[in-house]
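Taking it in order: structure first as structure tokens, then the write-up.
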């Protein structure tokens, strides 16, 4: 009886993608991604999402114009795969940190069909590269459960920030 060689399933190749800096023309993409992020995190009420989109678009536009919000978009063949932003968040001075701003990573999103391809890592790498180039000492973020592995892989550490709700929000129900 001849032995048959088992054919190994080929690993799917990761599609090549590029990560570029977002411009104001990309604002609809960034708004879409933020809405999708909130939807994935459990926000379901369309009216609230619509309202949040308008507010975020105005907020992001003014900060992109002033240079306090930078965004990146990952693409492959003209298709948007994901993106994220760094906001230069105002903070109070403290011992060992005299700057009045700190970079904060936010609105990270990867389209479902592109998850597991390194898109989020590509965005995080660009954000870290930008922070190093601009001589920031750290990059902060609030990680969803879904994104924690990506951030840990890039050297982020868990911190002990706490919060207390003053008024119960609908999302707490």
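The values are calculated or read from the model by the stated rules, or taken from the named source; none is laboratory data. Just so it is clear, the structure is predicted and the values come from calculations on it, not from any experiment. Glycine also receives a Cβ, built like all others from the backbone with ideal geometry; neighbour counts cover every protein chain displayed.
For this structure, a couple of remarks:
- Failed item in (1) touching a strand residue (DSSP E or B) at 6+ places or on another chain (Cβ under 9 Å); (2) buried (at least 16 other Cβ atoms within 10 Å of the Cβ); (3) more than 26 Å from residue 153 (Cβ to Cβ), with residue 102 passing the rest: (3)
- The set of residues in the range 36-60 that are out of contact with any strand residue (DSSP E or B) (no Cβ under 9 Å at 6 or more places or on another chain) and surrounded by 15 or more Cβ atoms within 10 Å (Cβ to Cβ) comprises 38, 43, 49, 52, 53, 57.
- Residues that are surrounded by 10 or more Cβ atoms within 10 Å (Cβ to Cβ), out of contact with any helix residue (DSSP H, G or I) (no Cβ under 8 Å at 6 or more places or on another chain) and over 14 Å from residue 125 (Cβ atoms), drawn from the range 145-163: 148, 149, 152
- Residue in the range 80-96 that is under 20 Å from residue 33 (Cα atoms) and modelled with pLDDT under 95 present: no
- Pairs with Cβ under 8 Å, 6+ apart, first in the range 123-140 and on the phi > 0 side of the Ramachandran plot and loosely packed, with under 14 Cβ neighbours inside 10 Å, second at pLDDT 95 or above and not in a loop (DSSP other than H, G, I, E, B): none
- Residue list for the range 124-144, restricted to those being assigned to a helix (DSSP H, G or I) and either under 13 Å from residue 74 (Cβ atoms) or modelled with pLDDT under 95 (or both): 124, 125, 126, 127
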